[in-house]
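The structure under discussion appears below in the form of structure tokens.
The values are calculated or read from the model by the stated rules, or taken from the named source; none is laboratory data. Every value quoted in this text rests on a predicted model; they were computed, and no experiment measured them. We place every Cβ from the backbone using ideal geometry, glycine too, and count neighbours over all the protein chains shown. Remember, those area values only see protein heavy atoms, side chains included, never the ligands or the DNA or RNA. Shrake-Rupley method; radii C 1.70, N 1.55, O 1.52, S 1.80 Å.
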Amino acid sequence: MILFILKRIGYAAPVALGVSLVCFLLVHLAPGDPLSAILPVDATAEMQAQMRAAYGFDKPLPVQYGIWLWKVLHGDLGNSIATGRPVLAEVSRAVGNSLILAASATLIGFTFGTFFGFVAGYARDSWLDRVASAVAVFGVSVPHYWLGIVLVIIFSANLGWLPPTGAGPQGSGNWWPDLEHLRYLVLPAVTMSVIPMGVISRTVRALVGDILHQDFVQALRAKGLSEFGVFRHVVKNAAPTAIAIMGLQLGYLLGGSILVETVFAWPGTGFLLNAAIFQRDLPLLQGTILVLAMFFVTLNLLVDVVQTALDPRIERA
Amino acid sequence: MNAPLRHPEVAADAALVHVRGLTVDFLGGRKPVRAVGGVDLDLKAGEALALLGESGSGKSVTLRALMRLLPEKRTRIGGTLRIDGQDVLALRKKSLAAFRGGTVAMIFQDPGLALDPVYRIGDQIAEAVVRHEGASHAQGRARALELFERVQIPSAARRLDNYPHEMSGGMRQRAMIALALACRPKVLLADEPTTALDATVQIQILLLLRELQRDLGLAVIFVTHDVGVAVQVADRVAVMYGGHLVEVGSSGEVIGAPAHPYTRGLLASRITPDSPKGVRLVTIPGSPPDLADPPPGCPFAPRCTLAVPACDDGLPERVALAPGHAARCIRVGAA
């Protein structure tokens, strides 16, 4: 198993390198000069050249990539052009916040998704199945920024139960697991959970329906297992796929939460990306994208390892 | 080593399985489809019966009905079904679970599909023992090891930790047999247990089953479409067609002196070592009856070369030919 994990990490390394190259080039492919954002409009050509040299933009691309990669490997993602603070500090704080939000949303989505999925899979073609399926389809198809706004209107504006924006009192940027901060987490987490809930619910429904029709389920009944005993086997058979889907959903949520984080002013990576794009803050943008992409690579690695540990049919080679 | 697996109270002559007028209807379509149209069966302890028939004849459905394994919402089982003194159709959930695996066990056609792919085989057997006898998991594993040795799985202790996909087809079927025997059943149902296996492995599995059946005094019902298998394993043969038993008798009688035209057709269409080379196999013309719209009388009449108009006047009565040998055909003796 350890050999398998090492091998799998070995496979992930070239992927990570490729990702870094794409991240690096993306910014250079984007139209517009990063310096034009910070230089005054009437800057002289001499000043421009000076700045270009200061940021290293005058060197050939491969050299720039080499320097950049070397710095990245040493944890230096450069300084944000807009704020002047180190990108790594900005990104890691945002990643922490996004991770909390994405993990809570995935947890909620996975819990309800598997519940609805099992109900629908077991009660296939009954009214229960139709209700559970309707909930799932709603989850996948509703625009979640819209849902966020609706929830804010109901629970913050009208009922006043929960705060509408931010991650904590007084615009606190550092999330802390206490009750006050939890109240801030509820609305964005619920809003974000509807997509993984829908996807997981549909997947689990199909999985359970498929497993229940397999011969071995009849064989389990034939050896006298109770329905609960059979259920345990169904769960273990469905688990590898369900967990893989959950891992992928967590990845999507980590990177794809720009809309929800903007609606709720949640200081995460999505919020940061949004700001970086509008301020043409290229080092920040580059750093954020790179960190998110690395997250994806790591997550896939983790999902693979967990799946292999759970499903004996996957070769550990 | 065999002693603990054997049931002490099995009396040699009591009818262990007693089936009268068994019907199975599949609901859910426009109208119910009668897959089994009134089957009578008796089986004593230590007796092996082969249920012989082609696909769709109702043989597998009959077998599953004996354990009430058919989906309850979509099927209706009628008739009398007594196994080991229990009225199977009246069993409540709990007693049904104890009955399954404890009194009657089943071996499935494809062990590759009938074993849970993500559990170790040893644990799957132990699970049944724990469930039925309230034993600990370790005791269950010990029983599993004993059973693996009984069904002649080489390096049994190591094989207990295998997952199904790590075994060959023949070994999987041995494991399936071990699982079926785990809780000392009195009746063993085998649904085409060798169909999914290689020809050489088939023989080994059949010999093993025959041996176990004799040693443990099991009553066995074999479902098969293979006449050769039926002769090899069974004392008696019941030929099934269109949801009815058309001929029942000792294997010698049914194979040696088939009385029903369908049995004769079935026997004529098999390959034997003396079959002439280069000659097309004999087939029975036509196709099996549509169970949603069955023929009015004898189900075989539309394909039968001996059919007369009277064959459509209702299901033929059983005609006794010898003690224990009977056929449902009004033309028995003709041609």
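Quick notes on this one:
- Number of residues in the range B:87-119 that are of a type in the set (Val, Ile, Thr) and free of Cβ contacts under 8 Å to residues at least 24 places away in the same chain equals 1.
- The residues of the range A:120-149 that are among the aliphatic types (A, V, I, L, M) and open to solvent by 40 Å² or more (accessible area, probe 1.4 Å), listed by number, are A:128, A:131, A:134, A:135, A:137, A:140, A:149.
- Exclusive hit being more than 20 Å from residue A:301 (Cβ to Cβ), hydrophobic (A, V, I, L, M, F, W, C) and open to solvent by less than 70 Å² (accessible area, probe 1.4 Å), set A:24, A:4: A:24
- If you go through the range A:212-250 and keep only what is more than 29 Å from residue A:104 (Cβ to Cβ) and more than 8 Å from chain B (Cβ to nearest Cβ), you end up with A:212, A:213, A:217, A:227, A:228, A:230.
- Matching residues in the range B:39-64 - criterion: being of a type in the set (A, V, I, L, M, F, W, C), part of a strand (DSSP E or B) and more than 11 Å from the chain's Cα centre (by Cα): B:39, B:41, B:43
- Within the range B:126-152, no residue satisfies the criterion of being farther than 18 Å from residue A:223 by Cβ and buried (at least 24 other Cβ atoms within 10 Å of the Cβ).
- The single condition among (1) open to solvent by 20 Å² or more (accessible area, probe 1.4 Å); (2) under 23 Å from residue B:47 (Cα atoms); (3) at pLDDT 90 or above that residue B:226 does not meet is (3).
For every residue, the table says whether it meets (1) in contact with a strand residue (DSSP E or B) (Cβ under 6 Å, 6 or more places away or on another chain); (2) open to solvent by 70 Å² or more (accessible area, probe 1.4 Å); (3) within 18 Å of residue B:231 (Cβ to Cβ).
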position: B:271; (1), (2), (3): no, yes, yes
position: B:277; (1), (2), (3): no, yes, no
position: B:282; (1), (2), (3): no, yes, no
position: B:288; (1), (2), (3): no, no, no
position: B:316; (1), (2), (3): yes, no, no
position: B:319; (1), (2), (3): yes, no, no
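- Among residues of the range A:244-265 that are free of Cβ contacts under 8 Å to residues at least 40 places away in the same chain, those with a Cβ under 6 angstrom from a residue that is open to solvent by 10 Å² or more (accessible area, probe 1.4 Å), sequence gap 6+ or separate chain, pair up as A:258/A:273; A:258/A:274.
- Here residue B:85 clears all of (1) within 18 Å of the chain's Cα centre (by Cα); (2) at pLDDT 85 or above except the condition numbered (1).
- Subset of the range B:232-256 that is out of contact with any strand residue (DSSP E or B) (no Cβ under 8 Å at 6 or more places or on another chain) and in a helix (DSSP H, G or I) - its residue that is surrounded by the most Cβ atoms within 10 Å (Cβ to Cβ): B:232
- For the range A:276-308, residues that are open to solvent by 40 Å² or more (accessible area, probe 1.4 Å), under 13 Å from residue A:82 (Cβ atoms) and in contact with a helix residue (DSSP H, G or I) (Cβ under 8 Å, 6 or more places away or on another chain) total 3.
- Listed by position, the helices (runs of 4 or more DSSP H) inside the range B:65-151 whose residues that are small (Gly, Ala, Ser) and within 8 Å of chain A (Cβ to nearest Cβ) number at least 2 are B:93-102.
- When residue B:162 is tested against the conditions (1) outside any loop (DSSP other than H, G, I, E, B); (2) within 10 Å of another protein chain (Cβ to nearest Cβ), the lone failure is (1).
- When we screen B:312, B:293 for residues that are closer than 23 Å to residue B:35 by Cβ, surrounded by fewer than 19 Cβ atoms within 10 Å (Cβ to Cβ), touching a residue at least 12 places away in the same chain (Cβ under 8 Å) and not β-branched (Val, Ile, Thr), the only hit is B:312.
- Listing of helices (runs of 4 or more DSSP H) fully contained in the range A:70-162 that carry 2 or more residues being in contact with a Pro (Cβ under 6 Å, 6 or more places away or on another chain): A:87-122
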